[in-house]
Amino acid sequence: KTVDIYLSDGNSVTYFPFKVGDNTTDGYTVTKDGTNIVLKPKKAIKTTPGDKSIYVVINSNDGIKTALSTSTTADFEKAYKTVALALKNTGNSTNSTTSASQIASVEKSAGTSEDDIVMTNSSDASITVAAGITEAQTLTETTPQNRAKVSVQRAVGRVMVTTAQNSYEVTSDP
């Protein structure tokens, strides 16, 4: 649904949000390559030349966006790797949410269900941006310039809980 890209040069962090889809205004299209899903850019990001660290969040949510937007440049990497994805169960006796529900959900539309799972870099990613490269040179299929490949992974695995009974009595050890 969305691709959020953060570029950091050590002095500042710049945020670039994109939608994924086939509309001309969307920033990425989706293709499949075997078992992998490949997001292909339709727009280039305008930035300054130099070394950049790349942070990607796919299917972000308000909690993650807030954690990242309120972090300082010096603390951004820590916020990206820990604070933004910190999990905790919340609620009371009648309404609760699990940690996983904060970064994963099932979207139902037109009789079908699709997982909507937050994904982040599977490893550190960086690029050295060269000066004078055009958007066309970045988006070309053959030998693109100033274009980085970033692999992502799910921020949470699929979990299913089943029970044999409707309720259980929990007691403490004597």
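Data for the structure
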{"read-out": "Subset of region 70-82 (residues that are polar (S, T, N, Q) and under 14 Å from the mean Cα position of the chain (by Cα))", "value": "T82"}
{"read-out": "Neighbours by Cβ (under 9 Å, 6+ apart or cross-chain): first from region 1-20, more than 19 Å from V118 (Cβ to Cβ) and modelled with pLDDT under 90; second open to solvent by 60 Å² or more (accessible area, probe 1.4 Å) and not hydrophobic (A, V, I, L, M, F, W, C)", "value": "none"}
{"read-out": "Residues located in region 46-60, provided they are modelled with pLDDT of 90 or more and buried (at least 18 other Cβ atoms within 10 Å of the Cβ)", "value": "K52, S53, Y55, V56, V57"}
{"read-out": "Residue match in region 31-45 (condition: within 18 Å of T120 (Cβ to Cβ), exposed (fewer than 14 other Cβ atoms within 10 Å of the Cβ), β-branched (V, I, T) and under 16 Å from the mean Cα position of the chain (by Cα))", "value": "yes"}
{"read-out": "Residues within region 1-12 that are open to solvent by less than 50 Å² (accessible area, probe 1.4 Å) and closer than 21 Å to D62 by Cβ, tallied", "value": "5"}
{"read-out": "Test: T25 is open to solvent by less than 50 Å² (accessible area, probe 1.4 Å), modelled with pLDDT under 80 and either out of contact with any Phe, Trp or Tyr (no Cβ under 9 Å at 6 or more places or on another chain) or part of a loop (DSSP other than H, G, I, E, B) (or both)", "value": "no"}
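The values are calculated or read from the model by the stated rules, or taken from the named source; none is laboratory data. Computed from a predicted structure; not experimentally measured. All Cβ positions, even for glycine, are placed from backbone atoms using ideal geometry, and neighbour counts span all protein chains on display. SASA here: full protein model, heavy atoms, side chains in, ligands and nucleic acids out. Shrake-Rupley method; radii C 1.70, N 1.55, O 1.52, S 1.80 Å.
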